[in-house]
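Encoded as structure tokens, the structure appears first; notes follow it.
The values are calculated or read from the model by the stated rules, or taken from the named source; none is laboratory data. All values derive from a computational prediction rather than experimental measurement. Cβ placement follows ideal geometry from the backbone for every residue including glycine, while neighbour counts extend to all protein chains displayed.
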Amino acid sequence: MYSALGRPEAALHHAQRALELVREGGEGFEDWDLATVLEVVARAHLAAGNRSEADHYVALAQSELDKVADPEDREIIGSQLAELNL
């Protein structure tokens, strides 16, 4: 089945849904999941051409990095955020 959404809009839709799921929490989520999904939402906003929303989600993701216990996980997420060049 094909969606009427274009690719950037579909990416944004799925990223927002992933954010909802992570925020709802539950078993199986790690301390890095929220920072990661915020980076994904920022990336989807960039693909959709919405720079100000991308900036907003990058800032949220960066603030969540402090809550990630493993330094390697923080480094990976931080490098993904840096790739966005925002």
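Selection of segment 45-66 for residues being over 18 Å from ALA18 (Cβ atoms) and not in a helix (DSSP H, G or I) yields GLY49, ASP66.
Pairs meeting the criteria (first residue in segment 17-44 and part of a helix (DSSP H, G or I), second residue among the basic types (Lys, Arg), beta carbons under 8 Å, at least 6 apart or on different chains) are LEU34/ARG23; LEU34/LYS67; ALA35/LYS67. In segment 1-12, of all residues being more than 12 Å from HIS45 (Cβ to Cβ) and assigned to a helix (DSSP H, G or I), the one that is modelled with the lowest pLDDT corresponds to ARG7.
Quick one: in segment 46-66, which of the residues that are in contact with an Asp or Glu (Cβ under 8 Å, 6 or more places away or on another chain) and at pLDDT 95 or above is surrounded by the most Cβ atoms within 10 Å (Cβ to Cβ)? Only one residue fits best here, namely TYR57. Within segment 70-82, being among the acidic types (Asp, Glu), without any contact (Cβ under 8 Å) to a residue 24 or more places away in the chain and surrounded by 10 or more Cβ atoms within 10 Å (Cβ to Cβ) holds for one residue alone: GLU75. Look at segment 58-69 and say how many of its residues are more than 13 Å from GLN80 (Cα to Cα) and touching a residue at least 12 places away in the same chain (Cβ under 8 Å). Final tally of qualifying residues: 5.
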